[in-house]
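Student: Submitted below is the structure of interest, expressed as structure tokens.
The values are calculated or read from the model by the stated rules, or taken from the named source; none is laboratory data. Everything quoted here is computed from the prediction, not taken from an experiment. A quick note on method: Cβ atoms are made from the backbone with ideal geometry, for glycine too, and the neighbour counts reach across all protein chains shown. Each accessible area value is taken on the protein alone, full model and side chains, heavy atoms only, with ligands, DNA and RNA left out. Shrake-Rupley method; radii C 1.70, N 1.55, O 1.52, S 1.80 Å.
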Amino acid sequence: MENGINHEIQEHGSPEVPSLIKYISSNEVAGFDDRNDAVELQLVNSPSKEIQETSVGSEGDESVIINHQRKQSVSISMPLSTEEVQLHNSHKVVFGGETTISDGIPNTSSESNTAESKPPFPTKYYSQPIPKGQVYPESDDGGAKFGNHPSIRRLRDNRFDPFKTFSGKLERQLSILRGKPPKQNAVQRDNSTKNNDRPLPVDRYFDALEGPELETLRASEEIVLPQDRQWPFLLRFPVSSFGMCLGVSSQAILWKTLATSPATEFLHISLKVNLILWIISIVLVATIFTLYLLKIIIYFEAVRREYYHPIRVNFFFAPWIALLFLALGVPPSLTKYLHHALWYILMIPIICLELKIYGQWMSGGQRRLSKVANPTNHLSIVGNFVGALLGASLGLKEGPIFFFAVGLAHYTVLFVTLYQRLPTNETLPKELHPVFFLFVAAPSVASMAWARIQGSFDNGSRIAYFIALFLYFSLAVRINFFRGFRFSLSWWAYTFPMTGAAIATIRYSNEVTNVVTKALCVILGLISTLIVFSLLASTILHAFVLKDLFPNDIAIAISDRKRKPHKKWFNLINNGSSDHSKVIENFLKFAVPDDEKDLEASVEFPTPNSL
């Protein structure tokens with residue numbers, strides 16, 4: 001090979017041979033890629049088996065030319081050092097031709113067959129194990145880079161860990177015990193800006209979300225959970241699901257009242273209907289309680305974000321109101337008297353929530369009532385009247401009056417605030433129009449509670465009932481107000497306010513019995529029942545067939561990063577487009593804190609004459 005290279009260089013007339021070719025030519029292995037050369041190999045003694053020695057004759061010092069072909073593959077264990085090889089011991093083995101192994105290097109030249117030939121420097125050989133199967137490259141964080149198979153991506157998707165209660169704490173503790181620092185991948189580094197020990201401030205909800213219920217993410221914001229896939233079910237299961245419990249459990253009270261009231265005896269309704277509806281309510285309440293309890297255990301951070309949400313916090317009254325409804329609708333065949341301790345147990349969570357919510361309404365700040373006023377705030381009011389109704393039914397006196405007074409005071413303030421609709425409050429979209437029926441819930445339940453406290457449906461009860469009846473008809477006649485929007489959980493706001501109005505009508509009919517009141521009892525009761533079962537069937541259809549009842553809950557996944565800066569509003573004014581009015585309004589609302597001076601009062605808008 002060396003002669004061939006030198007001959008080729010001479011033909012091209014190259015005056016100088018590159019150093020790399022000189023090095024390769026001087027250190028080449030004879031017979032490595034030439035099948036026509038005679039090959040002689042010197043083989044190291046193998047400790048595992050004996051090797052047959054054969055010698056092939058040669059004439060003089062010339063090598064014998066053999067047409068060598070490899071017949072089989074042979075694996076040879078190399079020594080750790082060439083010093084262990086006895087150079088004077090050479091063995092020859094024929095592999096379909098004359099081949100020798102000397103010093104672990106195949107050699108066919110006559111010069112290399114001498115015992116005096118030694119490598120220029122000692123070389124060590126180490127055996128390397130060959131891994132079986134596919135080997136994945138190592139990623140930046142020390143782990144393996146797996147393929148893009150969907151199942152593998154799902155297994156290693158840890159983007160939901162910040163919302164998990166445990167969030168891999170056991171694995172990190174084991175890594176620390178083994179002396180390895182806990183590793184943090186890229187997704188965890190992105191989510192590290194969120195401190196799980198500190199809840200999001202309320203101003204982040206107003207800055208990152210928009211809409212009357214703060215459910216829509218602003219265009220300039222980002223969320224901490226992935227948007228390219230569907231989240232786990234428990235993360236998508238909102239606290240507003242307890243609205244279903246309110247609707248179904250209130251139906252058990254309605255049919256119990258229809259079966260036991262003197263004004264509706266002509267209907268001949270059996271108490272078995274009340275028993276069946278009460279059992280269905282028990283199953284539904286237990287199911288939703290269990291699911292949300294699992295959410296608390298597995299995704300506590302998501303529950304905490306719902307609790308600090310200025311609108312969602314009102315739905316935390318719904319579980320306890322549903323339990324009060326179950327106590328009011330218990331069938332007489334099971335028990336006629338409930339223990340007083342039940343009322344105290346159910347009212348303790350309600351009074352604790354009220355101390356928080358009502359205190360924030362009065363103290364001001366971002367959670368003041370004029371800022372967070374919404375029809376869903378009625379849920380925090382209805383609990384007082386339902387508790388007063390149950391307590392009076394059990395024979396209590398002072399406790400029901402206390403809660404009735406608290407509810408009446410705050411309902412008056414809330415009613416005026418919602419009617420006023422301050423300029424800072426946005427108009428409800430069509431999807432939330434059903435929550436307007438919550439206006440009917442508080443006065444209808446208050447009329448029954450006061451009638452139970454006083455022992456008769458007196459003038460005070462009638463005033464509250466007439467308010468509820470007027471609000472009911474003022475919403476019912478607006479048919480177009482409830483058209484053109486898709487089904488959602490907010491539709492359950494239709495149910496228990498309408499059922500409450502029907503029950504209050506039956507109580508009023510017991511005092512004022514005539515054809516009109518009896519007809520009104522039947523019509524309102526029938527409408528509420530049809531709506532409840534229609535919504536129940538639609539909910540089952542969307543939850544289990546269409547599977548679109550619980551979309552990704554964007555409201556709980558906002559980041560704690562600040563908003564991107566707005567465009568300067570005075571540049572938008574020069575364009576004169578009405579499309580920018582909403583951007584200007586948002587800028588004026590969020591540009592400076594509330595305790596600072598008004599921006600509109602401090603800045604003069606440019607007029608057409610000045611331009």
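Student: Look through the stretch 279-295, keep the residues that are free of Cβ contacts under 8 Å to residues at least 12 places away in the same chain and within 25 Å of PRO332 (Cα to Cα), and return whichever of them is nearest to the chain's Cα centre (by Cα).
Tutor: Looking only at the stretch 279-295, we keep the residues that are free of Cβ contacts under 8 Å to residues at least 12 places away in the same chain, and these are 279, 283, 286-287, 290, 293.
With the extra rule that they be within 25 Å of PRO332 (Cα to Cα), the set shrinks to 279, 283, 286-287.
Details: ILE279: 32, VAL283: 26, ALA286: 23, THR287: 21 Å.
Residue satisfying both the conditions and the ranking: THR287.
Student: Out of the stretch 271-295, which residues are open to solvent by 60 Å² or more (accessible area, probe 1.4 Å) and more than 19 Å from THR539 (Cβ to Cβ)?
Tutor: LEU271, LYS272, LEU293, LEU294
Student: Looking at LYS272, is it of a type in the set (Lys, Arg) and part of a loop (DSSP other than H, G, I, E, B)? Before the answer, list the steps.
Tutor: Working: of a type in the set (Lys, Arg): yes; part of a loop (DSSP other than H, G, I, E, B): no.
In short, no.
Results for (1) in contact with a Cys (Cβ under 8 Å, 6 or more places away or on another chain); (2) of a type outside the set (Gly, Ala, Ser); (3) open to solvent by 20 Å² or more (accessible area, probe 1.4 Å); (4) not in a helix (DSSP H, G or I), shown as yes or no for each residue.
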{"site": "PHE316", "(1), (2), (3), (4)": "no, yes, yes, no"}
{"site": "ILE321", "(1), (2), (3), (4)": "no, yes, no, no"}
{"site": "LEU324", "(1), (2), (3), (4)": "no, yes, no, no"}
{"site": "THR335", "(1), (2), (3), (4)": "no, yes, yes, yes"}
{"site": "TRP343", "(1), (2), (3), (4)": "no, yes, no, no"}
{"site": "ILE350", "(1), (2), (3), (4)": "no, yes, no, no"}
{"site": "ILE357", "(1), (2), (3), (4)": "no, yes, no, no"}
{"site": "SER370", "(1), (2), (3), (4)": "no, no, yes, no"}
{"site": "ASN377", "(1), (2), (3), (4)": "no, yes, no, no"}
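Student: Sticking with this one: Filter the stretch 453-477 for residues that are without any contact (Cβ under 8 Å) to a residue 40 or more places away in the chain, among the β-branched types (Val, Ile, Thr) and in contact with a helix residue (DSSP H, G or I) (Cβ under 7 Å, 6 or more places away or on another chain) and give the result.
Tutor: ILE467
Student: Kindly list, by first and then second residue, each pair from a residue in the stretch 437-452 that is surrounded by fewer than 24 Cβ atoms within 10 Å (Cβ to Cβ) to a residue that is polar (S, T, N, Q), limited to pairs with Cβ atoms under 7 Å and residues at least 6 apart or on different chains.
Tutor: What qualifies is LEU438/THR376; ARG452/SER393.
Residue-wise test of (1) touching a residue at least 24 places away in the same chain (Cβ under 8 Å); (2) over 23 Å from PHE439 (Cβ atoms).
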position	(1), (2)
MET498	yes, no
THR513	yes, yes
VAL522	yes, yes
GLY525	yes, no
PHE533	no, yes
HIS542	yes, yes
LYS547	no, yes
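Student: Return yes when ALA252 is outside any loop (DSSP other than H, G, I, E, B), at pLDDT 95 or above, aliphatic (A, V, I, L, M) and buried (at least 18 other Cβ atoms within 10 Å of the Cβ) and no when it is not. First the steps, then the outcome.
Tutor: Working: outside any loop (DSSP other than H, G, I, E, B): yes; at pLDDT 95 or above: yes; aliphatic (A, V, I, L, M): yes; buried (at least 18 other Cβ atoms within 10 Å of the Cβ): yes.
So ALA252 fits the description; yes.
Student: Count, please, the residues in the stretch 477-512 that happen to be at pLDDT below 85, surrounded by 15 or more Cβ atoms within 10 Å (Cβ to Cβ) and part of a helix (DSSP H, G or I). Spell out how you get there, then give the answer.
Tutor: So the first thing to find is which residues in the stretch 477-512 are at pLDDT below 85, and the list is 478-491, 493-494.
Next, from what is left, pick out any that are surrounded by 15 or more Cβ atoms within 10 Å (Cβ to Cβ): 482, 487-491, 493-494.
With the extra rule that they be part of a helix (DSSP H, G or I), the set shrinks to 482, 489-491, 493-494.
So the count comes out to 6.
Student: Moving on to the next point. Which of the residues that make up the stretch 524-548 are closer than 16 Å to VAL248 by Cβ and in contact with a helix residue (DSSP H, G or I) (Cβ under 6 Å, 6 or more places away or on another chain)?
Tutor: Across the stretch 524-548, the qualifying residues are GLY525, SER528, ILE531, VAL532, LEU535.
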